[in-house]
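Report on the following structure.
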Amino acid sequence: MNAATSRNLTIAFFVLLTFGALAPMAFGSARFPQWLEVVIGGLMSGVLYALVAIGLVLIFKASGVFNFAQGAMVLFAALTLVRVMEKLPFALALVVTLAAMVALAWLVERLVLRPLVNQEPIVLFMATLGVAYFIDGFGQLVWGSDIYTLDIGMPKEPKILLEGTFEGGILVSTEDVIAAVMAGLLVAVLALFFQKTGTGRALRAVADDHQAAQSIGIPLNRIWVIVWSVAGLVALVSGVIWGSKLGVQFSLQLIALKALPVVILGGFTSMPGAIIGGLIIGLGEKVSEVYLGPYLGGGIENWFAYVLALIFLLFRPEGLFGERHIDRV
Amino acid sequence: MNLRDAEPATVARRVGDVILAVEGVSLAFGGVKALTDVSFDVREHEVRAIIGPNGAGKSSMLNVINGVYRPQAGQITYRGTKRSAMEPHIAARAGIARTFQSLALFKGMSVLDNMLAGRTLLMKSNIFLQALRIGPALAEETEHRKRVEDIIDFLEIQHVRKTPVGRLPYGLQKRVDLGRALAAEPKVLLLDEPMAGMNVEEKQDMCRFILDVNDEFGTTIVLIEHDMGVVMDLSDRVVVLDYGRKIADGTPDEVRANQAVIDAYLGVKH
Ligand SMILES: Nc1ncnc2c1ncn2[C@@H]1O[C@H](COP(=O)(O)OP(=O)(O)OP(=O)(O)O)[C@@H](O)[C@H]1O
Ligand SMILES: [Mg+2]
């Protein structure tokens, strides 16, 4: 497939997507305000998928490892935060949890990445499976396995917007909006870090070429610790948002599984791809659930992402924004 | 054309003491002996060439010097410290920079960012100051950029400063590779076939850059090159490897007259 066909396919995909999202309006089955609610709701959950996906992409770029443990890290972060908050105020608990995530990153580098350096990607992937089970078991051992309520003072009542414009206005969850703003801030901070700091430049260098990065004096081991720590921070933010929405429980991990189709869609090596992929999947599954659900028997939300990912794997394995060849030195 | 003789002798050019020595280095990959008991030294400010037929072990030697490979036997002495193996980031920290035979650039990053990355080790202020561009970090960043711009001017690649390196033609990528190594302000520069795949004109430019670096900054250069004309013009002393063994060591003229070298190259005309 050459560059032109590839670009055309991308354009075709986005046209199809826009058409799919607008279709309910055109075929008259929807009221505009309700449609807007669905779209906004979809994009909001998309933001959260994108967050977890960013964690995956970060680690994949810097160490060539597909980190199966990202979901477990989200749960672990949320669990740690909620239990520490029983003893300490929120801000302090946040710091303690972040320290725990950095410690985890350090341990992973010492005990997993370093001994397995230069192994096949599949070996490293299996190792992260192990890490996931370990974090799970360890988290439950230390913090217990109940369902905890994470209350960080998010306003729960939805807001009614644009009441003047439409009859009845549109209902928007304040919680979702705050979450999206938090996620956006995190992404902005990460972008600033990657683009404007020497350390960020070093991280991009490692992502581009391990060998060259080492030759200019960037110690890979330290970079891995930093990257896993940043992934830990991202997991923490995702954990806070998901946790306060749904309660801190085992199923947080399963939601994080949605990040896999997101990175397949966006491309394993692309940060913007993770964000756009997340939004597309969040939007797509909500719109099809609400408007196609009645015809297809519902439950579309559960499989939409995976079917889309499967189609991408078959026809465009590098995703929308990924690189064609994924090699590890 | 002998570029070297035409140059006036400057202070920096005066060859000094041994800065780097490898002794009895052996390296094997499974059954393949890439290097067998190789010893030689490099003096400060000199241009030292490593030549030999394909697969002779030249790249392996550079990889041992900057720590990409750990030899099974032997020692590397660099500026008075003897080690059984280098580590890439220790080598970099100690002033050894290098380029790779197969380019190893940060392809997604601009020329400017590639070069700035080359200065990673020279950056001091912490990342929070860097991100906010305040106080000493701002002054530092400005200084780093100035240095990098000087190198960009020197290598005559101003017109592509902001271009992602992956989009440049091969000859320019080679130049960026050299530039990134120079950005680190190294004491010793290891160049693995810097002119491979270039046309005559590009080769001449590259020769000029290498000589200028050596003359103006006194940078010690270890150079692998297949083009015999280039080797003879540029280098002060030459090591010849064949099948992983050192078969000759001396000035270009001595090496050219050496029977073992002639035999090794017989049928392998360069
Ligand atoms: N990473 C490696 N794994 C296995 N074998 C290797 C590796 N690197 C080098 N070799 C082998 O070691 C020997 C020396 O290789 P090296 O690359 O050092 O040669 P060279 O002199 O640089 O050759 P060329 O002129 O082709 O670049 C070769 O037989 C090569 O196949
Ligand atoms: Mg070679």
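The values are calculated or read from the model by the stated rules, or taken from the named source; none is laboratory data. All of these numbers come straight from a predicted model, not from anything done at the bench. So basically every Cβ, Gly included, is an ideal-geometry build from the backbone, and we count neighbours across all protein chains shown.
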Heads up, the helices (runs of 4 or more DSSP H) in the stretch A:144-258 (entirely inside) with at least 2 residues that are more than 14 Å from chain B (Cβ to nearest Cβ) and within 30 Å of residue B:120 (Cβ to Cβ) are A:174-196, A:220-246
Considering every residue within the stretch B:39-51, establish whether at least one is of a type in the set (S, T, N, Q), more than 9 Å from ligand 1 (Cβ to nearest atom) and farther than 17 Å from residue B:91 by Cβ.
yes
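Would you call residue B:74 surrounded by fewer than 23 Cβ atoms within 10 Å (Cβ to Cβ), under 24 Å from residue B:122 (Cα atoms) and away from ligand 1 (no atom under 12 Å from the Cβ)? Reasoning before the result, please.
Details: surrounded by fewer than 23 Cβ atoms within 10 Å (Cβ to Cβ): yes; under 24 Å from residue B:122 (Cα atoms): no; away from ligand 1 (no atom under 12 Å from the Cβ): yes.
No: the conditions fail for residue B:74.
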Can you confirm whether residue B:95 is more than 16 Å from ligand 2 (Cβ to nearest atom) and either touching an Asp or Glu at 6+ places or on another chain (Cβ under 8 Å) or among the small types (Gly, Ala, Ser) (or both)?
yes
Residue check, residue B:187 surrounded by 19 or more Cβ atoms within 10 Å (Cβ to Cβ), within 14 Å of another protein chain (Cβ to nearest Cβ), away from ligand 1 (no atom under 16 Å from the Cβ) and charged (D, E, K, R)
yes
Go over the candidates A:117, A:108, A:95 one by one and state the one that is loosely packed, with under 15 Cβ neighbours inside 10 Å, modelled with pLDDT of 90 or more and of a type in the set (Val, Ile, Thr).
A:95
Does the stretch B:116-132 contain at least one residue that is in contact (Cβ under 8 Å) with a residue 40 or more places away in the chain, away from chain A (no Cβ under 13 Å) and assigned to a loop (DSSP other than H, G, I, E, B)?
no
Here's a check for you: in the stretch B:40-75, which residue that is within 14 Å of chain A (Cβ to nearest Cβ) and either in contact with a Ser or Thr (Cβ under 8 Å, 6 or more places away or on another chain) or not polar (S, T, N, Q) (or both) is nearest to ligand 2 (Cβ to nearest atom)?
B:62
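Considering the stretch A:278-321 alone, what residues qualify as being aromatic (Phe, Trp, Tyr) and over 21 Å from residue A:34 (Cβ atoms)?
Correct list: A:303, A:306, A:312, A:315, A:321.
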Would you mind telling me which numbered condition in (1) in the same structural domain as residue B:114 (by TED's automatic domain parsing); (2) of a type outside the set (A, V, I, L, M, F, W, C); (3) not in a helix (DSSP H, G or I) residue B:179 fails?
(3)
For the stretch A:141-200, which residues satisfy the criterion of being exposed (fewer than 15 other Cβ atoms within 10 Å of the Cβ), within 18 Å of the chain's Cα centre (by Cα) and of a type in the set (A, V, I, L, M, F, W, C)?
A:181, A:185, A:188, A:189, A:191
Inside the stretch B:21-38, can you point out the residues that are near ligand 1 (Cβ under 9 Å from one of its atoms) and assigned to a loop (DSSP other than H, G, I, E, B)?
B:30
